[in-house]
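Shown next, in structure tokens, is the structure this report addresses.
The values are calculated or read from the model by the stated rules, or taken from the named source; none is laboratory data. Computed from a predicted structure; not experimentally measured. Every residue, glycine among them, receives a Cβ derived from its backbone with ideal geometry; neighbour counts consider all protein chains shown.
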Amino acid sequence: MKKVIEGLPKSVPDKKITFSIEVIGNTTGHKYVGDFLIEVPMTRALSQVGVALAKLNSGIPHENLDSGTAYLNNAIAYLTVNLVEAPDWFTSADGIDYGFETLDTNVATYIFNQALDVVEDWKAKLRGKKPAKSTSK
């Protein structure tokens, strides 16, 4: 017998969302501009974020890190799992940088916050509600 989950829409919006950023680096004053493609995280991806976060924290409990490091690690973990496309300046040639090799720590957290906003907008649309604000294309 097939189990049906009630309340799910028959069609789900595309889970891949493009958004653009323009941010000034807090240390260098460099202007970062780019387009990003993020996939709305499903349960598996959220689990993978937790694993990536544990690796970034090097086994140190998240609550034992200073708030800036904890937030930056959370941002990097989320983006490494859920970003589908990003500018070369963010991912680097080998695809594993995600903002670690920049002096501007605010860039990764800014991208993370924008990603969270567009994902929340997607969820609002899924529930049939008007998004709070949209930075997606």
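Worth a mention:
- Subset of region 25-40 (residues that are surrounded by fewer than 17 Cβ atoms within 10 Å (Cβ to Cβ) and of a type in the set (Val, Ile, Thr)): Thr27, Thr28, Val33
- Qualifying residue in region 107-114 (condition: in contact (Cβ under 8 Å) with a residue 40 or more places away in the chain, within 15 Å of the chain's Cα centre (by Cα) and under 21 Å from Lys15 (Cβ atoms)): yes
- Contact annotation: residue pairs with Cβ atoms under 7 Å, 6 or more positions apart or on different chains, pairing a residue in region 53-73 that is farther than 17 Å from Asn106 by Cα with a partner that is surrounded by 15 or more Cβ atoms within 10 Å (Cβ to Cβ) and of a type in the set (Val, Ile, Thr), are Leu56/Ile76.
- Residues in region 28-49 that are under 17 Å from Ala115 (Cα atoms), outside any strand (DSSP E or B) and of a type in the set (Gly, Ala, Ser): Ala45 only.
- Subset of region 70-94 [assigned to a helix (DSSP H, G or I), out of contact with any helix residue (DSSP H, G or I) (no Cβ under 9 Å at 6 or more places or on another chain) and of a type in the set (A, V, I, L, M)]: none
- Considering residues of region 56-80 that are surrounded by 14 or more Cβ atoms within 10 Å (Cβ to Cβ) and among the hydrophobic types (A, V, I, L, M, F, W, C) only, the residue nearest to Val40 (Cα to Cα): Leu79
- Failed item in (1) modelled with pLDDT of 90 or more; (2) surrounded by 15 or more Cβ atoms within 10 Å (Cβ to Cβ), with Gly99 passing the rest: (1)
- Test result for Asp104, within 18 Å of Ala52 (Cα to Cα), among the charged types (D, E, K, R) and at pLDDT below 95: no
- Members of region 52-69 that are more than 15 Å from the chain's Cα centre (by Cα) and in a helix (DSSP H, G or I): Ala54, Lys55, Leu56, His62, Glu63, Asn64, Ser67, Gly68, Thr69
- Filter pass, Glu22 being surrounded by fewer than 10 Cβ atoms within 10 Å (Cβ to Cβ), at pLDDT 95 or above and within 28 Å of Asp88 (Cβ to Cβ): yes
- Exactly one residue out of Leu53, Leu8 is at pLDDT below 95, of a type outside the set (D, E, K, R), surrounded by 12 or more Cβ atoms within 10 Å (Cβ to Cβ) and out of contact with any Lys or Arg (no Cβ under 8 Å at 6 or more places or on another chain), and it is Leu53.
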